[in-house]
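Down below is the structure, laid out as structure tokens.
The values are calculated or read from the model by the stated rules, or taken from the named source; none is laboratory data. The structure presented is a predicted model; accordingly, all values stated were derived computationally and were not measured. Because the Cβ atoms are built from the backbone with ideal geometry, glycine has one as well, and the counts that use them run over all protein chains shown. With ligands, DNA and RNA removed, areas are computed over all heavy atoms of the protein, side chains included. Shrake-Rupley method; radii C 1.70, N 1.55, O 1.52, S 1.80 Å.
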Amino acid sequence: MSTPTVREQFLVISALGANPMELTNVLCRASHENRCAVVTSRLTRHGECSALVLEISGSWDALARLEGSLPTLAKRHAFTVNVVRSAALENRPQALPYVAYVSSAYRSDIINELCQFFMDHNVELENLTCDTYQAPQTGGTMLNATFTVTLPAGVQISWLRDQFLDFADALNLDALIEPWRPQNPM
């Protein structure tokens, strides 16, 4: 992956469809055919529906051609699509990446309560993964959530960790917050 130049611009494409492989193939091929590059992509399945989010880079005219071709592709391949122009994320060299893991019995308010905690402490959300499942031992519905966050520069880490753990205890959540580590360290 090349480093984006100043002249490159970005599109964020979100698409929903039934066939994850076709959805990914069609959008990646269209990007390539329009001289654009896929910078990041995320695909998840949600029941019978798949959600694909792509960040695409390219010159303004290449992105305009790609953007113009998407409604026809969406109709032909039976998926919905939404497109937003974006800019590169600014560097935050003093910010600290952390991961918060949460497990608990499922309650519908847990995710919004956790988001509110992080908002109240000026913590930025980078990624969120949340799954529910039936516990085989009890049959109860359980929740596992992983928040990848960025702590603001100058935050007292031990104080924030204590605040988070106290907050989780008050909601009866099993929680942990620790520094983010690369998945494949070199």
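A few points about this structure:
- Within the stretch 152-186, the set of residues being among the acidic types (Asp, Glu) and within 22 Å of the chain's Cα centre (by Cα) comprises just one member, GLU178.
- Residue match in the stretch 73-82 (condition: open to solvent by less than 40 Å² (accessible area, probe 1.4 Å) and not assigned by the TED database to the domain that holds VAL39): no
- Restricting the stretch 59-104 to residues that are free of Cβ contacts under 8 Å to residues at least 40 places away in the same chain and outside any helix (DSSP H, G or I), the residue that is farthest from LEU16 (Cα to Cα) is PRO93.
- Matching option when the condition is among the aliphatic types (A, V, I, L, M), within 30 Å of ASP174 (Cβ to Cβ) and open to solvent by 50 Å² or more (accessible area, probe 1.4 Å), among ALA51, ALA100, ALA105: ALA105
- Restricting attention to the stretch 127-154, the residues being in a loop (DSSP other than H, G, I, E, B) and either in contact (Cβ under 8 Å) with a residue 60 or more places away in the chain or surrounded by 14 or more Cβ atoms within 10 Å (Cβ to Cβ) (or both) number 3.
- Residue count for the stretch 155-176, restricted to those that are aliphatic (A, V, I, L, M), in a helix (DSSP H, G or I) and surrounded by 13 or more Cβ atoms within 10 Å (Cβ to Cβ): 3
- Residues in the stretch 16-48 that are buried (at least 18 other Cβ atoms within 10 Å of the Cβ) and more than 26 Å from ALA88 (Cβ to Cβ): GLY17 only.
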